[in-house]
1. Condition check: in a helix (DSSP H, G or I) and either over 20 Å from His206 (Cβ atoms) or at pLDDT 95 or above (or both). Does Arg179 satisfy that?
2. Does at least one position in segment 75-86 carry a residue that is free of Cβ contacts under 8 Å to residues at least 12 places away in the same chain and open to solvent by less than 30 Å² (accessible area, probe 1.4 Å)?
3. Out of everything in segment 42-68 that is among the hydrophobic types (A, V, I, L, M, F, W, C), more than 10 Å from Leu224 (Cα to Cα) and in contact with a Leu (Cβ under 6 Å, 6 or more places away or on another chain), what residue ends up being least open to solvent (accessible area, probe 1.4 Å)?
4. Only one of these conditions is not met by Leu35: (1) open to solvent by less than 80 Å² (accessible area, probe 1.4 Å); (2) modelled with pLDDT of 90 or more; (3) assigned to a loop (DSSP other than H, G, I, E, B). Which number is it?
5. Checking Leu172 against (1) in a helix (DSSP H, G or I); (2) free of Cβ contacts under 8 Å to residues at least 24 places away in the same chain; (3) surrounded by fewer than 15 Cβ atoms within 10 Å (Cβ to Cβ): exactly one of these is not met. Which one?
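The values are calculated or read from the model by the stated rules, or taken from the named source; none is laboratory data. What you see is a predicted model; the values in this text were computed from it and never measured. Cβ: placed from backbone, ideal geometry, glycine included. Neighbour counts: every protein chain shown. Calculation scope for accessible area: heavy atoms of the full protein, side chains included, ligands and nucleic acids excluded. Shrake-Rupley method; radii C 1.70, N 1.55, O 1.52, S 1.80 Å.
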Amino acid sequence: MADLVADAETFLDEEKVAPTPPLREWSGPVLMAALGVLLLWVMARRVPDREPLLQGWIGLCGLVCLLHFGSFHLIALFWQACGVMARPIMSKPLQARTLSEFWGKRWNLGFRQLAHDFVFRPLHKRIGVAAAGLLVFLVSGLIHDLVISLPARGGYGLPTGYFILQGLGVTLERSAWGRRLGLQGGSPAWLFLFVIASVPAFWLFHPAFVLRVILPFMHAIHAL
């Protein structure tokens, strides 16, 4: 919990002033937010109604670009421009070079810190680093099942399976076999990251969620 407290204290400490972010720092998230708007309110409408799953996936990708890669970073930059020490919750995840770096240092740092403080740190000395790491991914999967599968009334267990796969991937990457396969850097590591994190995303955002949650949301915001 210490890191979270430190972040809150830093954010609220008026004596600590953040440096003004350079103009080039704004360009990436602005472009990603614009891409999200384009996908969500333009491209999704061009898909025939007989392809609702494709409509939903385009809208979902638009939401991710607009929020995770765009707006969240812009909010942090706004606070920094005001002199407040605010760290983006997403630390340029598309620049990750390994699966471990993606999940441990770049994607959703707020949840990562909570999981580290309340799951990994209390257990890693008792059950080992690898087992505690896998447990973090299991907990993450169960939480995603609650917020994805439960509202969708279907697809139960698929998000949990996705995150268990991520945990197994990280474990392999850090193992002796992972070192032999070159999974800790270079092209093999990036390809492994892409295959493990993105290809099974269909489990995470399963059809029940896309059709029963994303599509109604897109209609509500007049994206369709």
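1. Working: in a helix (DSSP H, G or I): yes; either over 20 Å from His206 (Cβ atoms) or at pLDDT 95 or above (or both): yes.
Here the answer is yes, as Arg179 does meet what is asked.
2. The answer is no; no qualifying residue exists.
3. Cys65
4. (3)
5. It fails just one condition, (3).
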